[in-house]
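Scroll down for the structure; my scribbles are underneath it.
Every number here is computed from the coordinates shown, using simple stated rules; none is lab data. All values derive from a computational prediction rather than experimental measurement. Reconstructed Cβ throughout: ideal geometry from the backbone, glycine too, with neighbour counts over all protein chains shown.
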Amino acid sequence: MMRHPLVFVLFLATLPAIEAKPNLLFIYLDDFGWKDAGYMGSDFYETPNIDRLASEGMTFSNAYSASANCAPARACLLSGQYTPRHEIYNVGTDPRGAKEHRRLEHIPGVDTLDTNIKTWAQCAQEAGYATASIGKWHLSGDPIPYGFDINIGGTHSGSPPRGYYPPHPNAPGLANAPENEYLTDRLSDEAVEFIQNNKDRPWLLYLTHFAVHTPIQAKKELVGKYENKTSGELHDNVKMATMVQSVDDGVGEIVETLDRLGLSDNTIVLFFSDNGGYGPATDMAPLYGYKGTYYEGGIRVPLFVKWPGVATSGGESDAIVSGVDLFPTIADMLGFGMPKGQLADGISLVPILKGSRPDPERAIFWHFPAYLQSYPRVFDEQRDPLFRSRPCSIVRKGDWKLHHYYEDDHYELYNLRRDIGESRNLAKTKPGKFDEMRGILKDWLRETKAHIPVNPNPEFDASIHEKAIQTALQDKRQSKKKNKAL
């Protein structure tokens, strides 16, 4: 029996308060373009819940995915490493596009993230966090070995299991989906359930929506709303609008759950996209390019961080940041540190979130030693009609961005502050800056031991290649004439 309870209470009052570990809600969208949210400028898609979260945190106007398409972007995100280190360069390892159209033999790389590379999810798990991956995975058969306690829907596939409506065969946790259940809604419901089940312990939720990846499949009950809405000058795709709203409605439900459970003030929200928007259905103007290209529209993406009590509400940053930065940022925010002995290419954004100015001398990089074929009849914002991207490496430093394309040893240099649309190649008119940027890129490729495609493809056929280009251009002209006549 305690003989002096008042003394004990006074003693406890003198002890420092033990701060609860913050939760992390990471909302990661697929093919969600730089302008696809209302707060970023969409004039047709509706994202009031995402917009509200963005207004309560810090937004980044110069945020980039570390790759222009799905799998490598996710590998960079989970590992904190650029593509030359984990060697996931593309979706799959087979060459893309017609063999007669490729001048070089591509570098196949691998299609599975090495389990020896520790992820931020594993670090959080070891620090006592409940962890879940809900939605797209795309880096192996199962996210569980990479630090997740729960997997809903994640497989090696990069597309929704069988579209956005059931059935979803072989998708963990989705086999018994009701007939008319929209996949995006279901994943949001699963996120709510995970939060409710773990409200009394720290948790990390990787909500990695399939949306708005193809198929561009409308949520049926929202179609009428957008068919009756006036088209915007930037966006007008009805099906895409319903897909975006489904994501946003789910975000609203999750935020309501956090508020109801009293978790909002102790939950960090991180919002990001894996690459630029899907060219045939959306637009990132004034950016040039779309998913699969290494122009700004293919790699610059929306990013915001809401961190109550730390990141300034309504804050804006023009820091140049990459997907590889999110591992050290999460490690810093959750307090578990980076894995010892593991190479890390990113930097923590926490100082910027706390008000520090970014390093103006910092450079970020991309390396894509492969091919990605064009969309049918959509090739206005890429180098040629046959491929969204051919083998290339890219660097951005400050206002300047340099592209190097290996097939023809072609360089493009842009000043993004003056030319965000990458329309004026300054490689020949700014020789000093060109030499500086080329040196930075070459040093990085050497330091990362990047594999460079140099071997000629013996199946390349110049005549077939040129004919295919002319045919594609002719098809495009005829399509434009037909649309104009309609």
Report summary line: Charge dipole of the chain built from unit charges on the beta carbon (Lys, Arg +1; Asp, Glu -1), centred at mean Cα; most positive-end Cα among Gln217, Leu204, Ile352 is Ile352
Query raised in the report: If R0 is 25 Å, what FRET efficiency do you get for His156 and Arg362 from their C-beta distance, rounded to 0.05?
Result: 0.15
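Tell me whether segment 366-476 comes out rounded, prolate or oblate; compute the Cα gyration tensor, take square roots of the eigenvalues as a ≥ b ≥ c, and use a/c under 1.5 as the rounded threshold. Don't skip to the answer; put the middle values down first.
On the way: a/c = 2.32, a/b = 1.41, b/c = 1.65.
Oblate is the answer for segment 366-476, as a/c is 1.5 or above yet b/c matches or exceeds a/b.
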**Report entry** Volume per residue that the Cα convex hull of segment 51-156 spans, once the total is divided by residue count, Å³
**Finding:** 156
Requested in this report: Please say if segment 200-320 is rounded, prolate or oblate, where rounded means a/c under 1.5 for a ≥ b ≥ c the square roots of the C-alpha gyration tensor eigenvalues, and otherwise the choice is prolate for a/b larger than b/c and oblate otherwise?
Outcome: oblate
Requested in this report: Mark the label point 7 Å from the Cα of Arg446 along Cα→Cβ and return the residues of segment 345-361 whose backbone N is within less than 17 Å of it.
Outcome: none
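Give a quick list of trypsin sites (Lys or Arg not before Pro) in segment 389-452 that DSSP marks as loop, anything other than H, G, I, E or B, with at most 15 other Cβ atoms within 10 Å. Don't jump to the answer; show the numbers that get you there.
Values: sites: Arg396, Lys397, Lys401, Arg417, Arg418, Arg424, Lys428, Lys433, Arg438, Lys442, Arg446, Lys449; in loops: Arg417, Arg418, Arg424, Lys428, Lys449.
Loop-located and lightly packed - Arg417, Arg418, Arg424, Lys428, Lys449.
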Query raised in the report: Counting Lys and Arg as +1 and Asp and Glu as -1, each charge on the Cβ, what is the dipole of the chain about the Cα centre in debye, to the nearest 20?
Result: 920
Query raised in the report: Roughly how many debye, to the nearest 20, is the charge dipole of segment 155-266 about its Cα centre, given +1 on each Lys and Arg Cβ, -1 on each Asp and Glu Cβ, and no other charges?
Result: 320
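Net charge near Gln373, counting Lys/Arg +1 and Asp/Glu -1 over other residues with Cβ under 12 Å of its Cβ?
Taking every other residue near Gln373 into account, the sum is +3.
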Requested in this report: Provide the gained length on full extension for the span Asp43 to Arg438, in nm with one decimal, where the gain is 0.36 nm per separating residue minus the Cα-Cα distance.
Outcome: 138.4 nm
Report task. Could you pull out which residues in segment 161-189 have an amide N less than 14 Å from a spot 7 Å beyond the Cα of Lys225, following the Cα-Cβ vector? Result -> 185
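Explain nothing, just the number: relative contact order of the chain, from Cα pairs under 8 Å at least 6 residues apart, as a whole percent.
Details: 1062 pairs, mean separation 111.6, N = 486.
For the chain, the relative contact order is 23 percent.
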Query raised in the report: When the convex hull of the Cα atoms of the chain is projected onto a plane and the area is averaged over all directions, what value comes out in nm²?
Result: 27.2
Query - Principal axis box of segment 73-121, alpha-carbon based, largest edge first, Å - result: 42, 15, 14
Query raised in the report: Per-residue ellipticity at 222 nm for the chain, helices alone: DSSP H runs ≥ 4 residues times -39500 (n - 2.57), over residue total, nearest 500 deg cm²/dmol?
Result: -8500 deg cm²/dmol
Query raised in the report: Hey, what does the equivalent ellipsoid look like for segment 117-218, semi-axes from the Cα gyration tensor as sqrt of 5 times each eigenvalue, largest first, whole Å?
Result: 24, 16, 10
Query raised in the report: Taking only C-alpha pairs under 8 Å that are 6+ residues apart, what is the relative contact order of segment 207-267 in percent?
Result: 37
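Using R₀ = 25 Å, calculate the FRET efficiency as 1/(1 + (r/R₀)^6) where r is the Cβ-Cβ separation of Tyr375 and Asp419; round to 0.05.
Details: r = 25 Å, r/R0 = 0.99.
Computed FRET efficiency for Tyr375 and Asp419 comes out at 0.50.
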Requested in this report: Run the dipole for segment 68-188 about the Cα centre, Lys and Arg Cβ at +1, Asp and Glu Cβ at -1, nothing else charged, and hand back the magnitude in debye, nearest 20.
Outcome: 360
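By how many nm would the segment from Asp114 to Lys354 grow when fully extended, if each residue of separation counts as 0.36 nm and the alpha-carbon distance is taken off? Write out the running numbers ahead of the final one.
Numbers: separation 240, 0.36 × 240 = 86.40 nm, distance 3.35 nm.
Full-extension gain reported as 83.0 nm.
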Report task. Specify whether the C-alpha gyration tensor of segment 311-384 places it in the rounded, prolate or oblate class, a ≥ b ≥ c being the square roots of the eigenvalues: rounded for a/c under 1.5, otherwise prolate if a/b is larger than b/c and oblate if not. Result -> prolate
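Note down the relative contact order for segment 238-373 as a percent, whole number, built from C-alpha pairs under 8 angstrom at least six residues apart. Intermediate values should be presented prior to the final figure.
On the way: 137 pairs, mean separation 23.0, N = 136.
Taking the mean separation of contacting Cα pairs over the length of segment 238-373, I get 17 percent.
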**Report entry** Furthest towards positive pole of dipole, His168, Tyr182, Met58, structure part the chain, Cβ charges
**Finding:** Met58
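For a 23 Å ceiling on Cα separation, which of these pairs sit above it: Lys21/Lys306; Lys354/Lys442; Lys35/Lys229?
Listed pairs above 23 Å: Lys354/Lys442.
Out of the trypsin sites (Lys or Arg not before Pro) in segment 314-362, which ones are loop residues according to DSSP with at most 12 other C-beta atoms within 10 Å? It would help to have the intermediate numbers written out before the result.
Values: sites: Lys340, Lys354, Arg362; in loops: Lys340, Lys354, Arg362.
Answer in residue order: Lys340, Lys354.
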Report task. Work out the FRET efficiency for Arg477 and Asp265 from their Cβ-Cβ distance, taking R0 = 56 Å, and round it to the nearest 0.05. Result -> 0.45
